[in-house]
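Reviewing the structure listed below.
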Amino acid sequence: MKGASEVLDPGLAPEGHRKIDWAARHSPVLNRVRDRYLKDGTFEGLGVGVALPIEAKTAYLTVVLAEAGARVAVASPGPFFVQDDVAAALAERGVAVYASSRNPPEEADRPLERVLDFALDGREAVLIDDRAGLGRLAHTTRRNLLPRVRGASEETTSGVAKFRAMEAEGALEFPAIAANDARCKYLFDNRYGTGQSTLTALMHSTNQMVGGKRVVVLGYGWCGKGIARYAAGLGARVFVCEVDPVRGLEAYADGFDVLPALEAAELGEVFVTATGSRDVLREEHFERMRDGAILANAGGVDVEIDVAGLRDASSEVREVRRNVEEFSVSGGRRLYLVGRGMVVNLTAGDGHPVEIMDLTFSVQALCARRLAREHRSMHLGVHLLPEEIDEEVARIKLQTVGMSVDSLTPEQERFLTTWRE
Ligand SMILES: NC(=O)c1ccc[n+]([C@@H]2O[C@H](COP(=O)([O-])OP(=O)(O)OC[C@H]3O[C@@H](n4cnc5c(N)ncnc54)[C@H](O)[C@@H]3O)[C@@H](O)[C@H]2O)c1
Ligand SMILES: N[C@@H](CCSC[C@H]1O[C@@H](n2cnc3c(=O)[nH]cnc32)[C@H](O)[C@@H]1O)C(=O)O
């Protein structure tokens, strides 16, 4: 939607179109979901407000929703997650885009407010959210639009936690679906998507080898498991830091050494945080790190590594390669931060593989459809995607790769659900 959009340079559109076409070509699940479920008029004239990193797979999701009849507006949760060529192309494909990589980071709410203004302009809308950014603004600076929000579907682990916090306070005024908590999301996106794309971003940004390196993974949730697995697969010696003893035990059973972060700080050569928490790597860790240590964050918040503290502790900071900053710290040591301490696979990479986002965005499209159709019967809280919808996405994906699963026989069903036998 050219007139409504605000992008950096419309002239970049041709390259953006090529990227979106590639994503479309490799999104068989979303294409089947579109053909099977999205053409039933649910989205006709409905607003859809989207906050997601602006790259080709996101773009394709919004195009599919626009083609289903929705009035779609999209912005990025921040300027570091914007590919300007994709934003320019998207604006030519019937979507209102408020995204530029040059937008001031401290004004990140403004484009999100524009999304709400556009999507809810005289109509009802559903939201597809990232870290509850649109949800927060709909409850604060855009409260006037709140009654027209049918609900929000949340993409990230961190955002689901925020919607749950709103629910616990009794502050949530529309139903939310934890899209992140669908099995077809976190089992693949958080684990394999983050695993592959984090390692890709590190290798591409540093041009260094992974094999033989001592890689410390902080947080052994779904993302941490994926990162550890991909690093180990490339030959790294993997160490895990956790605060949950069960998750720590899982890492041990998976074959990794588990130890406190202060000890790991002394031996690691590469550190990757994936906790969703703050200050996981901070001054006391930086002080112990070896010269040349590489630091990156794959978690969904940008304070997992205390970058401000690292900056304060440094006599000099300079960019030594694209997306790699060198911090000169005490003892003549140099620490290297990849991707500014933000989600490294997006700030220093192309995000998750297209097949992964095909699954995630199929889940998102079906969450949005459910909110659009069922919002009146849903309580003002956080909901899970019904199991049968999750299973349908998996079934479609298996079909696209020529595979399938069995069904229980009636005897097996009975055996599993009765206790007298
Ligand atoms: N990079 C990506 O593309 C991507 C993809 C999905 C999710 N995420 C984000 O990554 C983060 C993690 O997501 P997840 O799904 O793995 O969550 P999760 O809840 O499954 O795992 C987080 C783990 O971190 C551990 N942890 C918390 N604080 C810690 C600390 N101080 N030290 C060590 N471990 C600690 C927790 O015990 C838990 O096991 C979230 O912020 C999420 O939004 C990023
Ligand atoms: N935008 C957040 C960080 C989001 S973290 C992670 C989320 O990004 C999503 N993600 C990862 N790769 C891609 C991609 O290529 N396109 C769109 N979303 C992605 C992924 O599903 C995950 O839940 C911030 O403000 O810091």
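The values are calculated or read from the model by the stated rules, or taken from the named source; none is laboratory data. Note that the coordinates shown come from a computational prediction; the quantities given were computed from them, not determined experimentally. Virtual Cβ from ideal backbone geometry, glycine too; neighbours counted across all protein chains shown.
Elements of the type helices (runs of 4 or more DSSP H) sitting completely within the stretch 1-109 and holding at least 3 residues that are out of contact with any strand residue (DSSP E or B) (no Cβ under 8 Å at 6 or more places or on another chain): these cover 13-25, 28-33, 56-67. Of all residue pairs spaced 6 or more apart or on separate chains, those with beta-carbon atoms under 6 Å, a first member in the stretch 287-310 that is over 24 Å from residue 225 (Cα atoms) and at pLDDT 95 or above and a second member that is basic (Lys, Arg) and within 16 Å of ligand 1 (Cβ to nearest atom) are 309/282.
Would you be able to say whether some residue in the stretch 62-69 is of a type in the set (Val, Ile, Thr) and either under 24 Å from residue 146 (Cβ atoms) or not assigned by TED's automatic domain parsing to the domain that holds residue 138 (or both)? The answer is yes; a qualifying residue exists. Considering only residues in the stretch 80-99 that are under 19 Å from residue 339 (Cβ atoms) and in contact with an Asp or Glu (Cβ under 7 Å, 6 or more places away or on another chain), the one that is surrounded by the most Cβ atoms within 10 Å (Cβ to Cβ) turns out to be 86.
Go through the stretch 259-295 and give me each residue that's over 17 Å from residue 237 (Cβ atoms) and either small (Gly, Ala, Ser) or not assigned by TED's automatic domain parsing to the domain that holds residue 246 (or both). 274, 276, 277 - these are the residues of the stretch 259-295 that are over 17 Å from residue 237 (Cβ atoms) and either small (Gly, Ala, Ser) or not assigned by TED's automatic domain parsing to the domain that holds residue 246 (or both).
Each row is one residue, and each column tells you yes or no for (1) closer than 23 Å to residue 209 by Cβ; (2) surrounded by 16 or more Cβ atoms within 10 Å (Cβ to Cβ); (3) within 16 Å of ligand 1 (Cβ to nearest atom).
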residue: 254; (1), (2), (3): yes, no, yes
residue: 278; (1), (2), (3): no, no, yes
residue: 283; (1), (2), (3): no, no, yes
residue: 296; (1), (2), (3): yes, yes, yes
residue: 314; (1), (2), (3): no, yes, no
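The residue of the stretch 164-199 that is surrounded by the fewest Cβ atoms within 10 Å (Cβ to Cβ), among those that are small (Gly, Ala, Ser) and part of a helix (DSSP H, G or I), is 168.
Here is a yes/no grid of residues against (1) part of a helix (DSSP H, G or I); (2) within 16 Å of ligand 2 (Cβ to nearest atom); (3) surrounded by 19 or more Cβ atoms within 10 Å (Cβ to Cβ); (4) aliphatic (A, V, I, L, M):
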{"site": "201", "(1), (2), (3), (4)": "yes, yes, yes, yes"}
{"site": "211", "(1), (2), (3), (4)": "no, no, no, no"}
{"site": "215", "(1), (2), (3), (4)": "no, no, yes, yes"}
{"site": "240", "(1), (2), (3), (4)": "no, no, yes, yes"}
{"site": "249", "(1), (2), (3), (4)": "yes, no, no, yes"}
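Among helices (runs of 4 or more DSSP H) entirely within the stretch 335-421, having at least 2 residues that are within 16 Å of ligand 1 (Cβ to nearest atom), farther than 30 Å from residue 311 by Cα and touching a strand residue (DSSP E or B) at 6+ places or on another chain (Cβ under 9 Å) singles out 354-374.
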